[in-house]
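Colleague: Here it is: the structure, laid out below.
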């Protein structure tokens, strides 16, 4: 039969067809660029204006601007407002497309060499960024980072961004993705409920338990969590570990240290603290089996005092939140002898914006991104999409935001440089899943904290054998 | 083959009609299986066209994988209970609807309102699995907002502060899912068995009744033997459904592609999908696919063999 011979032939076939595909894609765009490009482009495309300090990319007045954004949780009203502002300043005519079908709408355009000028490549149907990067489709955004900031021309844009924003937009050593949304995670509560009951925001874990106990006495649950998705309760556990053990504890977990959990006093204390909530019956009844929308809605109906989530919570729950709910953010309270202050919070970036390399009006695309990183546009986003951006202090203090976003802005200001983030969920999905499973068991009181530690360490040790473990290191 | 291809007229015509479906079948059914088999010997990640040949490593790892073994066990449990419970219920209802009524002067008939019952029983079959998972999600909801919990709390059977977390209870979750499958399936098999029963000549029943047979006797001595072909087919279909279960488990239980809590509702297809799409272990997932294919085929053959009986002509 010669099955091995057949197998090799088949693999060769796949490799060859894959190679052919890889060659064909750039070739096609090259050919079509030839067909439509060259002299024609310079007559049809906008003439380049001289580069000045106010106009670092040489945007010509009166050109066209083509913007495509993912119309998901943030809607697309913010983008329309931006385009109006851009048109007003530069005399451009912008076309807008808000869609969830990014791949279907854009793949033919990328292949044909006529991509839009700005793309928010997000959602379930996004085009993988590494694929675009390999095909040479992404413009280098370093120019944007090095251009003067619109708010303060003596500063570079680079220096107006929050810490870590630039690193997380790098692909193959180049800055090509502007991850625009900044999310902080922790607990949330209703300002109205707390005022009514005379409770104050807890600073320590003991105070947190005390509020939960009072809530239970008042006939409502203490802590609600999105039980069907243990990701959220893991935020609480991991943040407690980070705050008690400091950045070293975070790095030990991300770097898969043999004592990341086992033999780490901070980790055991954190898990025991969360378990105390379960043991004392301070969870909202039934919360362990609820989805994120079910539990968050119950919390919106004042059935629990606290819920863990990120700063996208307010926008996600917009329809379910009572008008006078007064949503408030609370950094995870401290355990005794914590190395980080109370104000320290977990923060991360997301929502990737790109400028295609072959965009017809690339200069305007880059200018659009520079404008996005201005305080004015950042404020527009915060107002329309109820979310923070990567612009440091990027929201105008005079502007009225929804209460949840407002409290996240204040928390971020108070945190200053005390922000941290975990990388292991992106790096080691299997380890993440196993720790989530363990947390689910812990919350259902089927395992004890010591067993949780054992299982988490086993997951770490298993991940250490992952081939990726060689490449993923943080210091 | 060559003389068929050469022959014009009748043979060419037949070959033309055979060739297109065969080509489609080979391209879209057989070729993916062959590919899966090939990939199962590689460390393909599913995200890049490059991979290495790793021999039977994936299969060796599969033997040691406790999650997959647990999933296999769950599939086997379902394989026994899904067909058994569904077919027994469907047979019982079908018999009641068609021949369970009081034997009057007119002979054999169903219980009163049997037409109405048939529609009601068939109704769940009309719903898609996606709707079903939302519906039963609301029934099994873990707080007092759930239908079951609300009902039981109202009766004072459970404490409102400790509702039953149906799908988050390791010992309950699989049975909760089984109930959904049975609820969904009974109607269809009821109609199938009804059709088979109606094709049984009435005089056989009448003869049985005249000889003084009771309902149970009529069922076991007359109905069941005459329905055996339908029952056998149903068992194979339900068995294949029990080997899959992907949609319900992945939408109703916790975890990436379901399987929670802590792998207690895991079935082979959910483990496969998680490895394929989420963990980036596509080669390993392909090995699972091959095992699933082999098991399903073996089980189908066993079911058909084990239930083989003398065919009764009527």
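Coordinate-derived values only; no laboratory data. None of these values were measured; they are calculated from a predicted model. Backbone-built Cβ (ideal geometry, glycine too); neighbour counts: all protein chains shown.
Colleague: Return the whole-Å distance between the Cα centroid of the stretch B:183-205 and the Cα centroid of the stretch A:405-475.
Modeller: 55
Colleague: When Cβ neighbours within 10 Å are restricted to other protein chains, what is their mean count per residue of peptide A:225-231?
Modeller: The per-residue average across the peptide is 4.
Colleague: Okay, next question. Can you bin the stretch A:147-198 into rounded, prolate or oblate? Criterion: square roots of the alpha carbon gyration tensor eigenvalues sorted a ≥ b ≥ c, rounded for a/c under 1.5, prolate for a/b above b/c, oblate for the rest.
Modeller: oblate
Colleague: Three principal axis extents, largest first, for the C-alpha atoms of the protein assembly as shown, in Å?
Modeller: Principal extents (largest minus smallest coordinate, Cα): 106, 84, 51 Å.
Colleague: Given just the C-alpha atoms of the stretch B:149-200, how large is their convex hull per residue in cubic angstrom?
Modeller: 109
Colleague: Calculate how steeply helix A:362-372 sits against the longest principal axis of the alpha-carbon atoms of chain A, using the helix alpha-carbon long axis, and give the answer as 0 to 90 degrees to the nearest 10.
Modeller: Orientation of helix A:362-372: about 30 degrees from the principal axis.
Colleague: Also, quick follow-up: Using only the alpha-carbon atoms, how far is helix A:77-90 inclined from the longest principal axis of chain A? Give it as 0 to 90 degrees, nearest 10.
Modeller: Between the helix axis and the principal axis of chain A, the angle is about 40 degrees.
Colleague: Under the rule a/c < 1.5 gives rounded, and otherwise a/b versus b/c splits prolate from oblate, where does the stretch A:184-268 land using the Cα gyration tensor?
Modeller: prolate
Colleague: Which residue, B:19, B:246, B:188, tops the fluctuation ranking in a GNM of chain B built on C-alpha contacts under 10 Å?
Modeller: Fluctuation is largest for B:19.
Colleague: How far is the Cα center of the stretch A:304-344 from the Cα center of the stretch A:101-158, in Å?
Modeller: Distance between centres, Cα-based: 32 Å.
Colleague: Can I ask one more? Can you quote the Å³ per residue value for the convex hull of the Cα atoms in the stretch B:196-271, rounded to an integer?
Modeller: In the stretch B:196-271, the Cα convex hull volume per residue is 115 Å³.
Colleague: If you take the beta carbon distance between residue B:302 and residue A:399 as r and set R0 to 56 Å, what does 1/(1 + (r/R0)^6) give as a FRET efficiency, to the nearest 0.05?
Modeller: Once rounded, the FRET efficiency stands at 0.20.
Colleague: Percent of Cα-Cα pairs per 10 Å bin, from 0 to the last occupied bin, for chain B, please list those.
Modeller: Over chain B, the share of Cα pairs per 10 Å bin runs 5, 19, 23, 23, 18, 9, 2, 1, 0 percent.
Colleague: Name the shape class, rounded, prolate or oblate, that the alpha-carbon gyration tensor gives for the stretch B:54-170, where a ≥ b ≥ c are the square roots of its eigenvalues, rounded holds for a/c under 1.5, and otherwise prolate holds if a/b is larger than b/c and oblate otherwise.
Modeller: Here the stretch B:54-170 falls in the oblate category.
Colleague: Taking a quarter of the surface of the Cα convex hull of the stretch A:234-306, what do you get in nm²?
Modeller: Computed as one quarter of the Cα hull surface, the answer is 5.8 nm².
Colleague: Shielding by partners for A:279-291, please: the mean number of other protein chain Cβ atoms within 10 Å of each residue's Cβ.
Modeller: If you average over the peptide's residues, the count of other-chain Cβ atoms is 6.
Colleague: Of the DSSP beta bridges with both residues in the protein assembly as shown, give the percent that are antiparallel, rounding to the nearest 5.
Modeller: Within the protein assembly as shown, antiparallel bridges account for around 65 percent of the total.
Colleague: For peptide B:158-167, how many partner chain Cβ atoms fall within 10 Å of a residue's Cβ, on average?
Modeller: 3
Colleague: Related question: For chain A, take the longest principal axis of its alpha carbons; what is the angle in degrees between that and the long axis of helix A:375-385, to the nearest 10 within 0 to 90?
Modeller: Between helix and principal axis, roughly 60 degrees.
Colleague: What is the projected area of the convex hull of the Cα atoms of the stretch A:272-358, averaged over all directions, in nm²?
Modeller: Dividing the Cα hull surface by four gives the mean projection, 9.6 nm².
Colleague: Same structure again: Rg and Dmax of the stretch B:5-84, Cα atoms, in Å?
Modeller: Every Cα atom of the stretch B:5-84 included, Rg and Dmax give 20.8, 59 Å.
Colleague: Go through B:250-261, B:56-67 and give me the packing order, highest mean Cβ count within 10 Å leading.
Modeller: B:250-261, B:56-67
Colleague: Any chance you could check the Cα centroid distance between the stretch A:283-300 and the stretch A:189-207 for me, in angstrom?
Modeller: 19
Colleague: Give me the three principal axis extents of the stretch A:163-305 from the C-alpha atoms, as integers in angstrom, largest value leading.
Modeller: Over the stretch A:163-305, Cα extents along the principal axes are 55, 37, 28 Å.
Colleague: What's the ranking of A:342-352, B:279-289 by average number of surrounding C-beta atoms within 10 Å, highest first?
Modeller: B:279-289, A:342-352
Colleague: Now for a separate question. I'm a student and want to see the number: the projected area of the Cα convex hull of the stretch B:128-178, averaged over all directions, in nm².
Modeller: The Cα convex hull of the stretch B:128-178, projected and averaged over all directions, gives 3.6 nm².
Colleague: Give the residues of the stretch A:237-268 whose amide nitrogen is closer than 16 Å to a point set 7 Å from the Cα of residue A:336 in the direction of its Cβ.
Modeller: Flagged as within label range: A:244-245, A:265-268.
Colleague: Share of antiparallel DSSP beta bridges in the stretch A:41-162, in percent to the nearest 5?
Modeller: Antiparallel: roughly 20 percent of the beta bridges in the stretch A:41-162.
Colleague: Rounded to two decimals, what is Rg over Rh for the stretch A:49-167 when you use alpha-carbon atoms and the Kirkwood radius?
Modeller: Expressed as Rg/Rh, it is 0.97.
Colleague: Let me ask something additional. Just how many % of Cα pairs in the stretch A:232-381 lie over 21 Å apart, if you round to the nearest whole percent?
Modeller: 61
Colleague: At R0 = 45 Å, how high is the FRET efficiency between residue A:131 and residue A:218 if r is their beta carbon distance? Nearest 0.05 is fine.
Modeller: Rounded to the nearest 0.05, the efficiency is 0.25.
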